[in-house]
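The values are calculated or read from the model by the stated rules, or taken from the named source; none is laboratory data. Please read these numbers as outputs of a predicted model, since none were measured by experiment. All Cβ positions, even for glycine, are placed from backbone atoms using ideal geometry, and neighbour counts span all protein chains on display. SASA here: full protein model, heavy atoms, side chains in, ligands and nucleic acids out. Shrake-Rupley method; radii C 1.70, N 1.55, O 1.52, S 1.80 Å.
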Amino acid sequence: MDARTYIEEHRGEFVAALKEWLAIPSVSADPDRHGDVRRSAEWLAAHLKGTGFPSVEVWETGGLPAVYAEWPAADPGAPTVLVYGHHDVQPADPAEEWETDPFTPVERGERLIGRGASDDKGQVLFHALGVRAGLAASGADAPPVTLKLLVEGEEESGSPHFADLLRSRRDRLGCDVVVVSDTTMWAADTPSMCVGMRGLTHCQIDLYGPERDLHSGTFGGAVPNPAAAMADLLSGLHDADGRIAVPGFYDDVVEIGEEERALIARLPFDEEEWLATASSGAASGEAGYSILERIWVRPTAEINGMWSGHTGAGGKTIVPKSAHAKLSFRLVPNQEPLRIQEHVRAYVASAVPAGIRAEVAFGGPGVRPCASDLSSEAVRAARAAMSRAFGTEVLYTREGGSGPEADLADILGAPLVFVAVGLDDDRIHAPNEKVEVPLLLKGAESAAYLWEGLAQRG
């Protein structure tokens, strides 16, 4: 029996198991649901044991539990692969916008609707089906690679204990490649591989001038105005070409290669449709780059909010005593959040006039960007496996968002490969989240071919 036939014959069992798991409201951000996050971990552990993994453990983290499973290859010299995903989910709010109960999964045609269906329980579970399909096709008792799964329970809460878990368990997590199944494809009829994710750091800037609001007729035009100083500071973030004007900001940026740029250009991107999705009347950004390049492979500086002085009804003629703004910076591979924070602090200090005091507070160390090496055997094997499963060429994409993937690569010292089948219209983090069941089955088929391909490539 080949892998595809096995997967089709076991589709019903797979969907039934996924529905059972989705019914557990494992919302890590809600303390009242922490018991459910633990139930979710225990459910997955039991399922992986039933799949055949000889070693399955629930790991404590100092927060919410992770699940670890390992299935050694018959050949001790075979490569070792670690699959990463998460079993916690986003809150279901606003509940009134759901067409069904978010934790009572419902099938509608080829779709399965429920919180976590795409992000990330469905994409974790297809690996269990994939390994069984591979064994059925080969007739072997063990996978062709040593297969490890690490499924965390706090990704939707920022993975606060994940890096420490990786360091403390590094002896168990050693691997030759990390496979991440927590991203999306371009479209169901245009399969793609994510090959990078941007990093993130964000801050609040506070500018202080006089000790109190001042009468603008008495003092206006004669003392520095914090609101005006903030306006100047923010307007100076970008130059006329849309480049970030913070000195040193681009020092470590690595340009993408021509191969990747060409594959991105081949994606069937419709600018008008994208603008409609964004509810925007025009595109903007760094000159010399396409929209997709701007949101995937270029760093950004965004003003998330600003406030100062009187904002109520009517007028109030004052020089405000303070002004405030929140900024976020998306980072690309080789940019370090802490270095970017230093550059931003220096920029703010240089931009404020005499008589204005500035404070800059960053929300932690930030999230580091990551990228796959397109020339690596692991990426080539993954692309070949997905192409075989989907029956067509697989293109490359990136993700504009951020996650713990950089920690996986750096702490474990292994390259990243993204094999995922979610879609942008799966409504992850939003009401009525769904997943396309046929794509989950293609994910399982891709995984079965990938372990075979990695073993062959050594």
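Quick notes on this structure:
- Tensor-based shape of region 20-176 (alpha-carbon gyration tensor, a/c under 1.5 rounded, otherwise prolate or oblate): oblate
- Tensor-based shape of region 339-425 (alpha-carbon gyration tensor, a/c under 1.5 rounded, otherwise prolate or oblate): prolate
- Under 5 Å from the amide H of THR397 lie the amide H atoms of MET193, CYS194, VAL195, each residue being 5 or more positions distant or on a separate chain, with H modelled from the backbone and absent for Pro and chain starts.
- Rounded to whole numbers, the Karplus 3J(HN,Hα) couplings from phi for region 426-437 are 6, 6, 5, 6, 10, x, 6, 4, 9, 9, 8, 4 Hz, using 6.51 cos²θ - 1.76 cosθ + 1.60 with θ = phi - 60°, and x at Gly and Pro.
- DSSP-assigned coil residues among GluC sites (Glu not before Pro) in region 196-282, each with at most 14 further Cβ atoms within 10 Å: GLU211, GLU255
- Calculated [θ] (222 nm, deg cm²/dmol) that DSSP helices of n ≥ 4 give over the chain, each run adding -39,500 (n - 2.57): -10500 deg cm²/dmol
- Spacing of the two label points (7 Å from each Cα toward its C-beta) at ASN334 and ALA276, in nm: 3.9 nm
- Using C-alpha pairs below 8 Å separated by at least 6 residues, the relative contact order for region 74-131 is 33 percent.
- Accessible surface, 1.4 Å probe, highest first, among residues LYS19, LYS326, LYS49, LYS434: LYS49, LYS326, LYS19, LYS434
- Inverting the pair-averaged 1/r between distinct Cα atoms of region 241-342 gives 16.8 Å as its Kirkwood hydrodynamic radius.
- Among SER168, SER159, the sequence by solvent-accessible area, most first, with a 1.4 Å probe is SER168, SER159.
- What the Cα convex hull of the chain gives, in volume per residue, is 165 Å³.
- Separation of alpha-carbon centers, region 279-333 and region 137-216, rounded to whole Å: 25 Å
- For region 130-175, the spread of Cα coordinates along the three principal axes comes to 41, 24, 10 Å, biggest extent given first.
- 17 Å Cα-Cα reach of LYS321 towards aspartates and glutamates, excluding residues that sit fewer than 8 places from it in its own chain: ASP206, GLU211, ASP213, ASP232, GLU359
- Carbon + sulfur, % of accessible area of the chain - ligands and nucleic acids excluded, 1.4 Å: 48 percent
- Rg then Dmax, both in Å and based on the Cα atoms of region 197-268: 20.4, 63.
- Normalised by 2.2 N^0.38 Å, where N is the number of residues, the alpha-carbon radius of gyration of region 119-208 equals 1.48.
- For region 107-190, the relative contact order works out to 29 percent when only alpha carbon pairs closer than 8 Å and six or more residues apart are counted.
- Normalised contact order of the chain, rounded percent, pairs of Cα under 8 Å and 6 or more residues apart: 26 percent
- Using a probe of 1.4 angstrom and keeping all protein chains present, the accessible surface of the chain works out to 42 square angstrom per residue.
- Note on THR311: accessible area is roughly 110 Å² with a 1.4 Å probe, heavy atoms of protein only.
- Between ARG212 and SER284, the distance separating the two model label sites (each 7 Å from Cα on the Cα→Cβ line) works out to 3.9 nm.
- GLU60 contributes about 100 Å² of solvent-accessible surface, heavy atoms of the protein only, 1.4 Å probe.
- About the centre of its Cα atoms, region 1-140 shows a dipole size close to 400 debye [charges on the beta carbon of Lys, Arg (+1) and Asp, Glu (-1) only; nearest 20 debye].
- Backbone phi angles across region 250-263, fed through the Karplus curve with coefficients 6.51, -1.76 and 1.60 (θ = phi - 60°), yield HN-Hα couplings of 9, 3, 9, 5, 9, 5, 6, x, 5, 4, 5, 4, 5, 5 Hz in residue order; Gly and Pro are listed as x.
- Per-residue Karplus couplings for region 86-95, computed as 6.51 cos²θ - 1.76 cosθ + 1.60 with θ equal to phi - 60°, are listed in order as 9, 10, 7, 10, 6, x, 8, 5, x, 4 Hz, Gly and Pro entered as x.
- Packing, as the average of other Cβ atoms within 10 Å across residues, places the peptides 440-453, 193-206 in the order 440-453, 193-206, highest first.
- The heavy atoms of SER402 present about 40 square angstrom of accessible area, all protein chains included, probe 1.4 Å.
- Using only Cα coordinates, the Kirkwood hydrodynamic radius of region 93-152 works out to 14.1 Å.
- Working value for region 25-88: equivalent-ellipsoid semi-axes of 27, 12, 9 Å, each the square root of 5 times a Cα gyration tensor eigenvalue, largest first.
- Spatially proximal lysines relative to LYS19 (Cα-Cα < 22 Å; intrachain offsets below 8 disregarded): LYS49, LYS121, LYS434, LYS442
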